[in-house]
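To start, the structure itself, in structure tokens.
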Amino acid sequence: MKLRHFYVSVCLMLISILNIHAQTSVTLTEAGTLASKLPADLNTVSDLTISGPLNGTDILTIRAMAGNLKVLNLKEASIVEDKVNSYRGTGNNANYTQNNVIGDYMFYGMTALTKVVLPKNVWSIGTWSNDNPWNGENTQVEGSPKTSYASSADDTSYPGCASFARCVNLTVVEFPSTLLYIGPKAFSYCIKLPSIAIPEGVEAMGSYTFNQCTQLVTINFPPNVTDIKSYTFQNCEKLANITLPSGLMTIQNYAFDGCKSLGKVTIPGGVQTISTGAFQNSGLTEVVLEYGVITLANNSFSGCNLLKKVTFPASMETIGGFSNTGIKNILFAADAKPKEISAGAFENCDSLETVTLPNSIITIGERAFYGCDTLQSVTLPTAIKIIPKELFSQCKNLKSIDIPEGVTEIQETAFRFCIYNHRTTKTNQKYPSVN
């Protein structure tokens, strides 16, 4: 019986020792000394809290724990400048610590991490980049800015931020209130990250910031953000309804491409142009375009097959980007005076039945209504001079179209494969081959 108690006591002691190793708190008085404060076997530490200064040598130590470190609390730590010890890369691709900056690739690919608490005085995630508007004020390392561009598949080559990219088990990130900037690809491929609470002080984010965060459901947009960069939320498949900041001015290419769970979005009037592919292949069911939006670029909403209705405001001038959507009605504000329907604007919109275009429109691009299988009736603007190639090609159920007297040219294939025995107005009897 006593022997059994002895074994139980030994087991409890071993468990206690393991827990001490698993949960470790370290206070540093000198940067570069983290390794001396930790167990020789870094893999025994899964929960680490650090206070005090950290430089490139210390970041290397943390990166050496990548296989087992799950929780990293740096709230009371401070990252200090170190121009000597690179924590990643060599030569021109070397990464060095800067004061109060989460550097490029600093925690890249630390696959065990589930929770990170950032230092309370950090102002930037990512160092030099053209997206970073504060380089001159807050960055101490000398030299020319590094470009932030890299393709979504290429986040291992140098330019870029990617500070937490491919931390595939990361679920919690706590930001400090001092944060101003989140750099390109900072959280790209963090595939288990469910939500992000960005501090109100953040004024800019880079391209691909949350690209491929497939479990991201909610995100708040700080009020000072004026630009959503290219590919920022691409393929965030669970990102649901979003509220864009009222001061937003640009939504760049493919920003919300592939966001399958988006329901409704209101585009603030300050966004004059919605760029190419901005919401393509998303799950949008409703789009509200506030007064001030002027241009919808090609493919801006293409592939949104749940999108049934859009009302264009009076400010709208160029309409494009609705190919392969479920749109049923094209609606315009009472005082809307658009000038152009872009090429392919409503191509393959299989649910579109009736189109009445405002007389302010003077140009319609090729294939604008190509393949609209259920389209039955069209009223064209009186100012139209040319009916371009394949404008209504493959509209197999088109029954009637009112062609204005001012039309001077119907181009080849404009009505190709419109097999229904449709009619034209009397004013167009001079065009016997509109079929």
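The values are calculated or read from the model by the stated rules, or taken from the named source; none is laboratory data. Source: prediction; values computed, not measured. Heads up, the Cβs are rebuilt from the backbone with ideal geometry, glycines too, and the neighbour counts pull from every protein chain shown. Protein only, heavy atoms only, side chains kept; ligands, DNA and RNA dropped before computing areas. Shrake-Rupley method; radii C 1.70, N 1.55, O 1.52, S 1.80 Å.
Which one of Asn281, Asn241, Asn253 is polar (S, T, N, Q) and surrounded by 21 or more Cβ atoms within 10 Å (Cβ to Cβ)?
On the way: Asn241 fails: surrounded by 21 or more Cβ atoms within 10 Å (Cβ to Cβ); Asn253 fails: surrounded by 21 or more Cβ atoms within 10 Å (Cβ to Cβ).
Going through Asn281, Asn241, Asn253 in turn, the sole match is Asn281.
One residue is enough: does segment 110-131 have a residue meeting the conditions closer than 18 Å to Glu174 by Cα, surrounded by fewer than 20 Cβ atoms within 10 Å (Cβ to Cβ), of a type in the set (D, E, K, R) and modelled with pLDDT of 90 or more?
Yes, because at least one residue in segment 110-131 is closer than 18 Å to Glu174 by Cα, surrounded by fewer than 20 Cβ atoms within 10 Å (Cβ to Cβ), of a type in the set (D, E, K, R) and modelled with pLDDT of 90 or more.
Take Cys372 and decide whether it is more than 29 Å from Glu412 (Cα to Cα) and buried (at least 22 other Cβ atoms within 10 Å of the Cβ).
Details: more than 29 Å from Glu412 (Cα to Cα): no; buried (at least 22 other Cβ atoms within 10 Å of the Cβ): yes.
The answer is no for Cys372.
Do we find a residue being open to solvent by 20 Å² or more (accessible area, probe 1.4 Å), closer than 24 Å to Arg166 by Cα and of a type in the set (A, V, I, L, M) anywhere in segment 84-102?
Within segment 84-102 (the criterion being open to solvent by 20 Å² or more (accessible area, probe 1.4 Å), closer than 24 Å to Arg166 by Cα and of a type in the set (A, V, I, L, M)), the answer is no, since none of the residues qualifies.
Can you tell me which residues in segment 295-331 are aromatic (Phe, Trp, Tyr) and surrounded by fewer than 20 Cβ atoms within 10 Å (Cβ to Cβ)? Walk me through how you get there before you give the answer.
Step one: filter segment 295-331 for residues aromatic (Phe, Trp, Tyr), giving 301, 312, 322.
Scanning segment 295-331 gives a single hit, Phe312.
Might you check whether a residue that is closer than 19 Å to Ala414 by Cβ and within 30 Å of the chain's Cα centre (by Cα) occurs anywhere in segment 349-356?
yes
Of all residues in segment 48-60, count the ones that are within 14 Å of Asp82 (Cβ to Cβ), open to solvent by 10 Å² or more (accessible area, probe 1.4 Å) and within 32 Å of the chain's Cα centre (by Cα).
2
Given the conditions (1) modelled with pLDDT under 95; (2) open to solvent by less than 10 Å² (accessible area, probe 1.4 Å); (3) part of a loop (DSSP other than H, G, I, E, B), which single one is not true for Ser207?
Just one mismatch for Ser207, condition (2).
Determine the pairs where a residue that is under 12 Å from Pro245 (Cβ atoms), located within segment 211-222, has a partner that is open to solvent by 30 Å² or more (accessible area, probe 1.4 Å) and charged (D, E, K, R) with Cβ atoms under 9 Å apart, the partner being 6 or more residues away or on another chain.
Asn220/Glu200; Pro222/Glu200; Pro222/Glu203
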